[in-house]
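Step one of this worksheet: look at the structure below.
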Amino acid sequence: MARTKVTAPVVVCQGRADNGEIGDPLTRISEIGGRRFPFLRWSVLRLLLGMRGLTRNWQVGDGREEALAAHVLAQARAGDLDDAIRVIDDFCATRSVMINVGDEKGEILDRAVQRVSPGLLLELGTYCGYSGLRMARVMPADARFYSIEFSPANAEIARRIWAHAGVGDRLTVVVGSLGDGGATIDRLRSEFGFTDGALDFVFVDHDKNAYLADLERIQEEHWLHPGSVVVADNVKFPGAPKYRAHLEAAEGKTWRTNEHDTHVEYQSLLKDLVLESEYLGEPA
């Protein structure tokens, strides 16, 4: 069975501060590259320079995660989910790029959640809570959402942003990882209702080296059912080649996958792939 390739439209938007200007003069200079020339943005260069720390602590190391939280609480209308998303997109496009799914790929995520209409969602990699906001906006009102985050600092930032946006009671962040020896998996089962066949939707956006291992852990727990959907970000950049190869080998057997051609978050130069995979059940 052939895999489906989908090309996503490029999202073109220009974030503006409340006074109509694109941030302050210093920010405009340091972020002059915009979407077309991301390597002319100081925040992108600083991200690349801090990559070693990022993959260890899951923060860039220059305080941008806390700065984002402060910006959202100051600029987004309290209790307004759409405005919180708008303010984060503006911050990432004009002030400091973040490693969330972003607006272009976020629309792919939105459509997947809407198609599935899930009752139970699992996210791997909360970061600052942006993708949780997007999923809260389109998931059913009675859906249950749990996000696993390795960094306690990121988890606290996400909680603050979610509470300000008015969805803190609908989204739960759990500090840990699926690969921590069973502690987090046990919590999901005992506290949050992750029973056999209960999980409808998974969004994977954490350590790219853990994508395949964590997918296999989820399958081994028997949480999925035929029709469950797993969406994975950054499969091309930075890349998750083992995860992609696994799904290619399982095409039409255990999984059916659509590959969405898109771009790395908040720019239009670097290409990326988002994989949307429907679980078909284990072969007889």
Boolean, Leu109 is closer than 21 Å to Arg256 by Cα, at pLDDT 95 or above and part of a helix (DSSP H, G or I): yes
Restricting the range 92-138 to residues that are touching a helix residue (DSSP H, G or I) at 6+ places or on another chain (Cβ under 8 Å) and of a type in the set (D, E, K, R), which is farthest from Phe237 (Cα to Cα)? Arg137
Filter the range 194-213 for residues that are in a helix (DSSP H, G or I) and surrounded by fewer than 23 Cβ atoms within 10 Å (Cβ to Cβ); which is nearest to the chain's Cα centre (by Cα)? Lys208
Here is a check on your reading of the model: is Ser177 of a type in the set (Gly, Ala, Ser), in a strand (DSSP E or B), in contact with a Phe, Trp or Tyr (Cβ under 8 Å, 6 or more places away or on another chain) and at pLDDT 95 or above? no
Regarding the range 172-190, can at least one residue be identified that is under 24 Å from Asp83 (Cα atoms), free of Cβ contacts under 8 Å to residues at least 40 places away in the same chain and either surrounded by fewer than 18 Cβ atoms within 10 Å (Cβ to Cβ) or among the hydroxyl-bearing types (Ser, Thr, Tyr) (or both)? yes
In the range 125-138, what residues are out of contact with any Leu (no Cβ under 7 Å at 6 or more places or on another chain) and either aliphatic (A, V, I, L, M) or part of a loop (DSSP other than H, G, I, E, B) (or both)? Gly125, Thr126, Tyr127, Gly129, Val138
Scan the range 145-171 residue by residue and report those that are surrounded by fewer than 17 Cβ atoms within 10 Å (Cβ to Cβ) and of a type in the set (A, V, I, L, M). Ala153, Ala163
Residues being surrounded by fewer than 20 Cβ atoms within 10 Å (Cβ to Cβ) and not charged (D, E, K, R) - total across the range 70-103: 8
Of (1) within 12 Å of Leu122 (Cα to Cα); (2) part of a helix (DSSP H, G or I), Arg189 fails just (1)
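The values are calculated or read from the model by the stated rules, or taken from the named source; none is laboratory data. This one's a predicted model, so the numbers in the text were calculated from it and none came from an experiment. Note that each Cβ is placed from the backbone with ideal geometry, even for glycine, and that neighbours are counted across all protein chains shown.
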